[in-house]
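The values are calculated or read from the model by the stated rules, or taken from the named source; none is laboratory data. These numbers were taken from a predicted model, which means no experiment stands behind them. Note that we place each Cβ from the backbone using ideal geometry, even for glycine, and neighbour counts take in every protein chain shown.
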Amino acid sequence: CERDDGKPFRQRLLVVANRLPVSAVRRGEDSWSLEISAGGLVSALLGVKEFEARWIGWAGVNVPDEIGQKALTKALAEKRCIPVFLDEEIVHQYYNGYCNNILWPLFHYLGLPQEDRLATTRSFQSQFTAYQKANQMFADVVNEHYEEGDVVWCHDYHLMFLPQCLKKYNSNMKVGWFLHTPFPSSEIHRTLPSRSELLHAVLAADLVGFHTYDYARHFVSACTRILGLEGTPEGVEYQGKLTRVAAFPIGIDSHRFKRALELPEVQKHIKDLEERFKHRKVMLGVDRLDMIKGIPQKILAFEKFLEENPDWREKVVLLQIAVPTRTDVPEYQKLTSQVHEIVGRINGRFGSLTAVPIHHLDRSLDFYALCALYAVTDVALVTSLRDGMNLVSYEFVACQAKKKGVLILSEFAGAAQSLGAGAILVNPWNITEVAAAIDKALNMEPVERQNRHKHNFEHVTQHTAQEWAETFVSELNDTVVEAQLRTKQ
Ligand code: ADQ
């Protein structure tokens with residue numbers, strides 16, 4: 001197998017994530033159409049030239065019949081993807097239940113679901129069992145396709161048991177695990193009934209990675225306090241070996257945004273938007289509609305700003321683009337109505353016959369439209385209550401080479417550690433503080449804007465997604481070699 005430039009690949013890389021980077025739609029008994037869903041992880045790995053990457057994951061559809069499974073496997077193979085087939089019950093218990101109802105809120109400091117605490121506690125054990133079972137199903141598929149020398153990179157909170165399952169099959173497999181969310185303080189992790197099992201399972205990996213040094217430190221503290229293990233600056237001593245624990249901050253493919261902004265169709269889009277909002281400053285929010293993104297808090301802060309600054313009412317607009325996710329979960333449905341209600345109230349209160357202060361869209365935007373929006377924005381508002389990293393803040397900075405707009409960024413997003421010096425950092429729970437930050441951003445002198453932008457732009461263009469992936473995989477290779485040398489000594 002060869003790379004595009006004709007050189008041989010250094011190694012095979014098996015990327016294991018809950019979802020494959022394609023969505024599958026069934027067109028007939030044995031025919032499928034596939035659509036690539038370009039998320040952050042996909043673009044990160046597309047840029048990795050040294051490794052021949054294969055994806056293993058769930059295709060997001062229930063395929064109960066053998067004919068359908070065979071046809072989908074064949075179609076996916078052309079995209080170097082290998083499916084894990086999960087039935088509806090497993091998806092309900094493992095994905096909707098344990099992953100999204102328990103681990104996701106807990107890792108973002110939102111605790112267990114409030115209204116349904118007792119019901120959740122009762123169903124906890126069956127969801128946890130399904131979680132282990134699903135992880136074993138992923139491990140079976142990885143093991144079936146594994147070849148000696150491959151590197152296996154497991155992703156995210158859905159697959160915390162995977163390193164342990166894989167090492168049981170083959171202790172020589174090179175296994176890394178990376179968490180895309182925060183890892184919370186050990187005091188939060190302690191409340192989880194399966195706290196120890198999850199830590200043991202992750203520690204079976206050779207390398208454990210997080211977006212920030214703080215998350216890595218929380219993980220090591222959880223291992224020392226809950227499991228009584230020895231933590232070192234390098235990681236955790238576990239069963240006679242060192243499990244390396246480190247921070248690997250993700251980035252974006254900034255060139256992709258630069259190239260898009262040069263396209264005539266994107267330039268046209270930019271001109272149209274500039275014409276549409278020519279007498280107003282544009283503020284922008286782009287988020288998945290999720291509790292962790294702090295969308296209601298952001299809008300309330302904007303309301304407070306308008307309340308305190310009547311002169312700005314006709315001169316500023318907030319564009320909030322929110323992609324609906326997990327729409328079948330009642331808590332997410334409630335969040336949607338809450339956001340609609342607040343937006344309606346504020347537009348009724350401060351709008352006029354010719355202009356409304358907030359444009360709220362409940363949908364995803366295509367890549368080019370998103371780039372154009374980033375480019376015309378004066379102030380971006382990222383107010384996550386917690387966020388592993390937050391790539392929207394990076395994407396905004398990448399598209400601001402001309403305008404040099406201001407980023408208001410939550411101190412609880414991982415990105416605050418890398419873009420903190422150029423952004424205005426805020427506590428998203430403090431609406432007065434966020435309103436004051438909006439005021440500061442809209443009135444900022446050009447020289448200060450340029451200096452702040454320069455700092456962030458350098459970071460975003462130098463610490464790319466490709467660098468992130470290559471650093472992780474190289475470190476994983478080195479960790480295994482060092483461990484082998486240590487055992488020989
Ligand atoms: P997410 O929670 O999905 O990712 P984020 O990092 O901001 O959050 O990435 C979202 C991606 O979706 C961005 O590429 C953005 O452009 C896109 N997107 C969001 N809203 C959109 C819209 N309305 N239309 C079109 N595209 C939209 C998780 C973690 C993060 C972590 C990433 C990567 O929660 O903290 O940064 O993984 O590790």
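Return a yes/no flag: does the stretch 359-375 have any residue that is touching a His at 6+ places or on another chain (Cβ under 8 Å) and of a type in the set (A, V, I, L, M).
Within the stretch 359-375, one or more residues are touching a His at 6+ places or on another chain (Cβ under 8 Å) and of a type in the set (A, V, I, L, M).
Any residue in the stretch 381-396 that's over 20 Å from Phe183 (Cα atoms) and in contact (Cβ under 8 Å) with a residue 40 or more places away in the chain: show its pairings with residues that are part of a helix (DSSP H, G or I) and charged (D, E, K, R) at Cβ separation under 7 Å, as long as the two are six or more apart or on different chains.
From the stretch 381-396, the pairs are Leu381/Lys298.
If we only count helices (runs of 4 or more DSSP H) wholly inside the stretch 358-439, which ones have 2 or more residues that are surrounded by fewer than 24 Cβ atoms within 10 Å (Cβ to Cβ), within 22 Å of the chain's Cα centre (by Cα) and of a type in the set (A, V, I, L, M)?
Passing ranges, in order: 367-376.
So which of Leu273, Leu335, Leu284 ends up being within 16 Å of the ligand (Cβ to nearest atom), more than 27 Å from the chain's Cα centre (by Cα) and outside any loop (DSSP other than H, G, I, E, B)?
Exactly one of Leu273, Leu335, Leu284 is within 16 Å of the ligand (Cβ to nearest atom), more than 27 Å from the chain's Cα centre (by Cα) and outside any loop (DSSP other than H, G, I, E, B), namely Leu273.
Tell me, which residue of the stretch 451-470 that is modelled with pLDDT of 95 or more and of a type in the set (Val, Ile, Thr) is farthest from the chain's Cα centre (by Cα)?
Among those residues, the one meeting the criterion is Thr461.
Only residues that are at pLDDT 90 or above, out of contact with any Lys or Arg (no Cβ under 9 Å at 6 or more places or on another chain) and within 15 Å of the ligand (Cβ to nearest atom): list them for the stretch 17-58, please.
Those that are at pLDDT 90 or above, out of contact with any Lys or Arg (no Cβ under 9 Å at 6 or more places or on another chain) and within 15 Å of the ligand (Cβ to nearest atom): Ala17, Asn18, Arg19.
What's the total number of residues in the stretch 180-198 that are farther than 21 Å from Gly60 by Cβ and within 16 Å of the ligand (Cβ to nearest atom)?
Within the stretch 180-198, residues that are farther than 21 Å from Gly60 by Cβ and within 16 Å of the ligand (Cβ to nearest atom) number 3.
Out of everything in the stretch 155-174 that is within 16 Å of the ligand (Cβ to nearest atom) and part of a helix (DSSP H, G or I), what residue ends up being surrounded by the fewest Cβ atoms within 10 Å (Cβ to Cβ)?
Tyr157
Looking at the stretch 446-462, is at least one residue touching a residue at least 60 places away in the same chain (Cβ under 8 Å), touching a strand residue (DSSP E or B) at 6+ places or on another chain (Cβ under 9 Å) and in a helix (DSSP H, G or I)?
Looking through the stretch 446-462, none of the residues is touching a residue at least 60 places away in the same chain (Cβ under 8 Å), touching a strand residue (DSSP E or B) at 6+ places or on another chain (Cβ under 9 Å) and in a helix (DSSP H, G or I).
Quick one: is Glu262 within 24 Å of His463 (Cβ to Cβ), more than 16 Å from the ligand (Cβ to nearest atom) and out of contact with any Ser or Thr (no Cβ under 6 Å at 6 or more places or on another chain)?
Taking the combined requirement at face value, the residue satisfies it.
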